[in-house]
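Chemist: Could you have a look at this structure, given as structure tokens, before my questions?
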Amino acid sequence: MDQRIARLMVAGFIATLGQIAYAQMPPPHVPGTICFVAGGWCWSPVPGPPGGMCGCPTPWGWRQGILG
């Protein structure tokens with residue numbers, strides 16, 4: 001496969017990752033119970049004030065996020 005085509009395919013895939021993550025918004029929730037991290041979200045094990053620090057397990061390890 002031509003290098004340019006392969007690079008374009010990878011760039012297109014990476015560009016869609018952000019769109020996929022934003023499409024998976026959580027259902028209506030009590031503020032401070034969802035932890036938003038780069039590329040997704042999880043239910044916070046310890047709710048807190050919106051904008052506070054939190055974390056989520058991901059396939060790439062634990063990621064720091066913000067309560068929403």
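Every number here is computed from the coordinates shown, using simple stated rules; none is lab data. Predicted model, so just to flag it, every value in this text is computed and none were measured. Cβ coordinates were reconstructed from backbone atoms using ideal geometry, including for glycine residues, and neighbour counts include every protein chain displayed.
Chemist: Along Cα→Cβ, 7 Å out, is where each label goes; now give me the distance between the ones at THR58 and ALA38 in nm to one decimal.
Modeler: Distance between the two pseudo-spin positions: 0.6 nm.
Chemist: What ranking do THR33, THR58 get, fewest neighbouring Cβ atoms within 10 angstrom at the top?
Modeler: If I rank by nearby Cβ atoms, fewest first, I get THR58, THR33.
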